[in-house]
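Single-structure report; data block below.
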Amino acid sequence: MNEVDILKRNIQNIAKTNDVEYKRTLLYSGYTTLLLSTRLFKLNIDLKDFLTPLLTGLEKEYPLRKNQTLVLKDYVYKSRSLIISRIIRIIQNADAHSLSILENGYSSLILQDNKPVLKKKAKNNRPNAVDELFERFDRK
């Protein structure tokens, strides 16, 4: 069974339950598996495209102290373990309404095409020294 199947099964379990603490536990495991997945998010910075809108939406509903934000700073995206620790802390402090927002973000990502839309880097079209040699000596 691959990661996506496990995550889909986790989504079904979350949708079935009404117990807030059990839902919180399932979100811990779901987000940990999701964020550690290099198949879904090849680079750490790819997680930013998924987490920033989710945390911004959650910030509007989440009671925060002055000058406090849920959106992760750029240095956090250098380490997946740091990202996971921050998300687990957010899940731990979330109320029932915030948990449903986190659940919707999690399920929408998994159910949308089995993988998020990743940015593909444009190939560098600059001539390479080896390519120039091949052209010079008519080898392809």
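Okay, here's what the table says:
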item: Ascending count of other beta-carbon atoms within 10 Å, so fewest first, for Ile90, Ile45, Ile6; result: Ile45, Ile6, Ile90
item: Choice from Tyr75, Tyr28, Tyr106 showing the highest fluctuation, given a GNM over the chain with Cα pairs closer than 10 Å; result: Tyr75
item: Whole-Hz couplings from phi, Karplus 6.51/-1.76/1.60, listed for region 95-112; x for Gly and Pro; result: 8, 4, 5, 5, 5, 5, 5, 5, 5, 5, x, 5, 6, 5, 5, 6, 7, 7
item: Cα gyration tensor shape for region 1-69, rounded if a/c is under 1.5, else prolate or oblate; result: oblate
item: Ranking of Leu51, Leu40 by count of other Cβ atoms within 10 Å, fewest first; result: Leu40, Leu51
item: Within a Gaussian network of the chain (alpha carbon springs, distance under 10 Å), most fluctuating of Ala94, Ala129, Ala15; result: Ala129
item: Karplus-derived HN-Hα couplings along region 82-92 (A = 6.51, B = -1.76, C = 1.60, θ = phi - 60°), whole Hz, x at Gly and Pro; result: 5, 4, 4, 5, 5, 5, 4, 5, 5, 5, 4
item: Neighbour-count ranking [beta-carbon atoms within 10 angstrom, fewest first] of Ser108, Ser37; result: Ser108, Ser37
item: Listed residues Val76, Val130, Val20, most fluctuating in the chain (Gaussian network, C-alpha, under 10 Å); result: Val130
item: Region 1-116: C-alpha gyration tensor shape, a/c 1.5 cut-off, then a/b vs b/c; result: oblate
item: Rel. contact order, % - alpha carbon contacts under 8 angstrom, at least six apart, region 3-136; result: 31
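The numbers here are math on the coordinates, done by the rules we state, and not lab data. Computed from a prediction, not measured in an experiment: that's the story for all the values here. Neighbour counts are summed over all protein chains in view; Cβ atoms, including those assigned to glycine, are modelled from backbone coordinates with ideal geometry.
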